[in-house]
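Everything on this sheet refers to the single structure shown next.
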């Protein structure tokens, strides 16, 4: 057996006594060091997060609703209301507001209000005097035969004066119209210098001398110029009179027609003179409402009532045309040619108005 050298024995003794020798021999030392490093790193733990860098939900919520990031444009001066645009400045004042006007009353709005409803051949006005503002229109017409029936014009003006002093006698549901002179040219022929309603000088004038005043300036009998059984010539007291070129050929009848239809009238009465009666109407056949209203006036006034005037046939009569238009109408013929018979007609008119209240 080969003797062992002293140096070798010494290395052998060092090897067996050191625990690192086997790793060095087998090449595990580097791996062992790496394992130690890893373990030391694991023991350190994760680094503490920096709060300023880590986004959180709270930071997002407080950031998004900032007004400066809103897409809505900021208001400008043009959108801000000014004092000139304030609605209060646009309200009407008390003087211009319709509500400031007091409601109409029977006495304040119509106490004999005068209205021109047309003109005659010679350009004289036809006047209407209106009282009250009720829904039922009662119309009375005087002087269709001009100066020949001057007392009917005087009666009309007397009633106008009376109701100006006594407007309370007119029922609230009634509007009263009085047309005093439907033939002003005929009246002017008889009394050119006479003021309206002043006929004292005519009382002593013989009726025959007043005959030319029955007609208008075209010498037409206006009570024969209406469109009911009209003829160019019509009969009157044993003589023929002109009915005009055609129905409503005269400006006076045109004005009356339009006025009566446009109201519209609920009842119409025409005053005549010298026949003493109240007469109903009808174009061809009797119109019952005309006879009924004539009877009301008759009972209160004392004039006898007749269904229709039948002393002779009248062509183109006004009340008959109105009956054809379904408007009750009748004639009131005074007893005389020179008296207004005021009280009788006032009583008749009161009864007529009471029937429509």
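Expressed as a rounded percentage, what relative contact order does segment 109-354 have, with Cα pairs under 8 Å and six or more residues apart?
Numbers: 597 pairs, mean separation 54.5, N = 246.
Over segment 109-354, the number comes to 22 percent.
Please give the length that would be gained between residue 246 and residue 347 if that part of the chain were fully extended, namely 0.36 nm times their separation in residues minus their C-alpha to C-alpha distance (nm, one decimal). Don't skip to the answer; put the middle values down first.
On the way: separation 101, 0.36 × 101 = 36.36 nm, distance 3.76 nm.
Using 0.36 nm per residue and subtracting the Cα-Cα distance, I get 32.6 nm.
If you count the DSSP beta bridges with both ends in segment 109-354, what percent of them are antiparallel, to the nearest 5? List each step's numbers first, then the result.
Details: 17 of 35 bridges.
Approximately 50 percent, going by the DSSP bridge assignments.
Compute the Cα gyration tensor for segment 201-260, then decide on rounded, prolate or oblate, letting a ≥ b ≥ c be the square roots of its eigenvalues: rounded whenever a/c is under 1.5, prolate when a/b is larger than b/c in the other cases, and oblate in all that remain. Please list the in-between numbers first.
On the way: a/c = 2.61, a/b = 1.52, b/c = 1.71.
Oblate, since a/c reaches 1.5 and b/c is not below a/b.
Can you tell me which of 341-353, 113-125, 131-143 comes out highest on packing, and rank the rest after it, using the mean Cβ neighbours within 10 Å? It would help to have the intermediate numbers written out before the result.
Numbers: 341-353: 19.0, 113-125: 15.2, 131-143: 22.8.
The most tightly packed comes first, giving 131-143, 341-353, 113-125.
How many nm is it between the label spots at residue 292 and residue 123, if each spot is 7 Å from the Cα in line with the beta carbon?
Using points 7 Å along Cα→Cβ, the separation is 4.6 nm.
Treat each spin label as a single point 7 Å out from the Cα along the C-beta direction, and report the residue 357 to residue 166 distance in nm.
For the pair residue 357/residue 166, the computed spacing is 1.3 nm.
So, by mean Cβ neighbours within 10 angstrom, what's the order for 305-311, 265-271, 173-179 with the highest one leading? Intermediate results must be reported in sequence, preceding the final value.
On the way: 305-311: 16.3, 265-271: 23.7, 173-179: 22.1.
In decreasing order of mean packing, 305-311, 265-271, 173-179 become 265-271, 173-179, 305-311.
Kindly rank 246-256, 276-286, 321-331, 227-237 from highest to lowest mean number of other beta carbons found within 10 Å of each residue.
On the way: 246-256: 21.1, 276-286: 19.1, 321-331: 23.5, 227-237: 15.7.
Ranking, from highest mean packing down: 321-331, 246-256, 276-286, 227-237.
Could you calculate the FRET efficiency of residue 113 with residue 237 from 1/(1 + (r/R0)^6), where r is the beta carbon distance between them and R0 is 35 Å, rounded to 0.05? Walk me through the numbers on the way to the answer.
Numbers: r = 37 Å, r/R0 = 1.07.
Given R0 = 35 Å and the Cβ-Cβ separation, E is 0.40.
Give me the one-decimal nm value for the distance between modelled label points at residue 207 and residue 338, 7 Å along each residue's Cα-to-Cβ direction.
1.1 nm
None of the figures in this text is laboratory data; all of them are computed from the coordinates on show. Not measured: the values here are computed from a predicted model. All Cβ positions, glycine included, derive from the backbone under ideal geometry; neighbour counts span all protein chains shown.
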